[in-house]
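This report concerns only the one structure given below.
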Amino acid sequence: MIGGQPIFILKEGTKRETGKDAMQNNIEAAKAIATSVRSTLGPRGMDKMLVDSLGDIVITNDGVTILKEMDVEHPAAKMLVEVSKTQDSFVGDGTTTAVIIAGGLLAEAEGLIKQNVHPTVISEGFRMASAHAKKVLHDMAKPVKIENKELLIKMAETSLSSKSASGSKKKLSDISYEAIKSVAEKVNGKFNVDFDNLQIVKKKGGDIEDTELIYGIIVDKEKVHPGMTDFVKDAKVALLNAALEIKKPEFDTNIRIDDPSMIQKFLSQEEEILRDMVKKVKKTGANVLITQKGIDDLAQHYLAKEGIYAVRRVKKSDVEKLAKATGAAIVSSIDELTNDDLGFAALVEQKKIDDDFLTFVTGCKNPKALSVLVRGGTEHIVDEIERSITDSVHVVAAAVEDGKYTTGGGSTAIEIATKLKEYAAKVGGRQQLAIERFANAMEEIPRALAENAGLDPIDVLIKIRKKHADGDKYAGINLFTGEVEDMGKAGVLEPIRVGEQAIESATEAAVMILRIDDVIATKASKTPSPPGGGGMPGGEGGED
């Protein structure tokens, strides 16, 4: 106000919140997101049913899937959704853990802000605590190699324990280990896993136990001609990025035929060109042809006569996987195709699964690309099994790449909390308060695990704290018996990357939200109704 007159700097209708009100609003929104996924944590966690505006249903307890499907509006809440997405893309598991830690940090910070501790001081303390927490994590970590099958399978089983697929975790964890062992490549002494080399194909029907690892690739296409055989043993596979068709001119052309006999000659010439193409393929010794482009009807007929199994219009990504699996080279011209370009597969077979015909290229020698065929009773079950397997293969891959693992069951979180409280006493100053609060936030993990298992969280925390105080740093909660025991011996294991990334992402998100003291939200302009009415009543579109 200047001289009693209001001065509008921002657009009319703009909403603005400042100071503690803005912080409080942001913290509450972020806490609400953490609360929404809290009940899904651990092997006794519950599932969520998410129904979108079209009525499509997703049933899952996968943190990142829940948050993606929730269609979050609040800007601070969206930051916690980003935390789960980062955790998912970098680690593949621990998305719920990361969000719960972030929510816990903000809840603890709220208490300090009410005591007039400045957000910058809290942020500084949280960063110090995060760095020390990661150090504790590395001190706890144990080494693991790709040859340690038993350890890696236990990590996959730990990941699968909290999923709908937990009843078949032995089968699925074995598949996860074998898949990663095959596609992992050693570069400069370290293993690297490219998930583009692992294909997951889901088909409803059958049982979860029918899920299998295919040492080859599944192509979501059928043979091009009914006259072709349904299976080819000892297949020599040719991969083409070229069409078996007569190339059409790039611009409009006319052909003048004065003599009726020329028509037959013209058609015969087309036939001859297509026959020559098929002969060139046959001459290389190939008995399976897979191409990204089309195959002319007449060429299909000649291929069937020559006993060549052919598939057309295959996705580029699938052709690249086939090249890695079979050892074939992708050729861009039929004229350049030679015997040396062919790959090998023990069997190429067309199978009908559900209502679809698929081509299975299996029995490849030392394949560097694999497929997992996921089966389940319904579409929703198959989708959830796919999410479960995706998590478990990422867990095995993270352990193989980093070569370190820690224990689960809340043991790591409590050990970090214990060490942070010792560290806080040495730091002094107001940052000490923030570090102590960070330790409290870490205890939200065992607290949530206990709550979801129907146990008393206070009793559980007291028991675990005592064990850790006595030097048993791997002590955690067995959620099926309610007893506190060594998680290493119980086989509840996880890659170090899960905890490390969860702490890092949660800290960064909490610090970013705490440093916001002003929220300026511009209002969307009203859409004018079309002339003559017909617009929505009220002038503004409703929200979904």
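Laboratory data are not the source of any read-out in this text; all were calculated from the coordinates shown. Nothing here was measured: the structure is a model prediction, and the numbers come from that model. Note that each Cβ is placed from the backbone with ideal geometry, even for glycine, and that neighbours are counted across all protein chains shown.
Laid out as a table, the results:
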{"item": "Distance from segment 287-303 to segment 384-429 (C-alpha centre basis), Å", "result": "52"}
{"item": "Burial ranking of peptide ranges 281-289, 443-451, 44-52 (average Cβ count within 10 Å, highest at the top)", "result": "443-451, 281-289, 44-52"}
{"item": "Nearest-0.05 FRET efficiency for GLU379 and ASP335, computed from C-beta distance (R0 51 Å)", "result": "0.65"}
{"item": "Theoretical ellipticity at 222 nm over the chain - DSSP helices of four or more residues, -39500 (n - 2.57) apiece, nearest 500", "result": "-15500 deg cm²/dmol"}
{"item": "Most to least packed among 171-178, 135-142, 300-307 [average Cβ atoms within 10 Å]", "result": "171-178, 300-307, 135-142"}
{"item": "Subset of LYS171/LYS321; LYS279/LYS305; LYS145/LYS171 violating a 18 Å alpha-carbon distance limit", "result": "LYS171/LYS321; LYS145/LYS171"}
{"item": "Relative contact order computed over the chain (Cα-Cα under 8 Å; 6+ residues apart), in percent", "result": "26"}
{"item": "Protection-proxy order for peptides 376-387, 404-415, each taking the mean of Cβ atoms within 10 Å per residue, highest first", "result": "404-415, 376-387"}
{"item": "Kirkwood Rh in Å, taken over all unlike Cα pairs in segment 22-71", "result": "11.9"}
{"item": "Cα-only Debye scattering, the chain: base-10 log of I(q)/I(0) at q = 0.06, 0.07, 0.10, 0.13 Å⁻¹", "result": "-0.44, -0.57, -0.91, -1.19"}
{"item": "Amide H partners (placed H, <5 Å) of LEU41, local residues excluded", "result": "MET46"}
{"item": "Residue-by-residue Karplus 3J(HN,Hα) for segment 51-65, coefficients 6.51, -1.76, 1.60, Hz, glycine and proline x", "result": "10, 8, 5, 8, x, 6, 10, 10, 10, 7, 10, 7, x, 5, 5"}
{"item": "Violating pairs (Cα-Cα greater than 21 angstrom) within the set LYS186/LYS365; LYS85/LYS186; LYS293/LYS324", "result": "LYS85/LYS186"}
{"item": "Evaluated at q = 0.12, 0.20, 0.21 Å⁻¹: base-10 log I(q)/I(0), Debye formula over Cα of segment 220-351", "result": "-0.48, -1.13, -1.23"}
{"item": "Segment 220-351: relative contact order as a whole-number percent, Cα under 8 Å and 6+ apart", "result": "44"}
{"item": "Sequence-distant lysines (8 or more away, or on other chains) whose Cα lies within less than 16 Å of LYS351", "result": "LYS202, LYS203, LYS204, LYS221, LYS223, LYS233"}
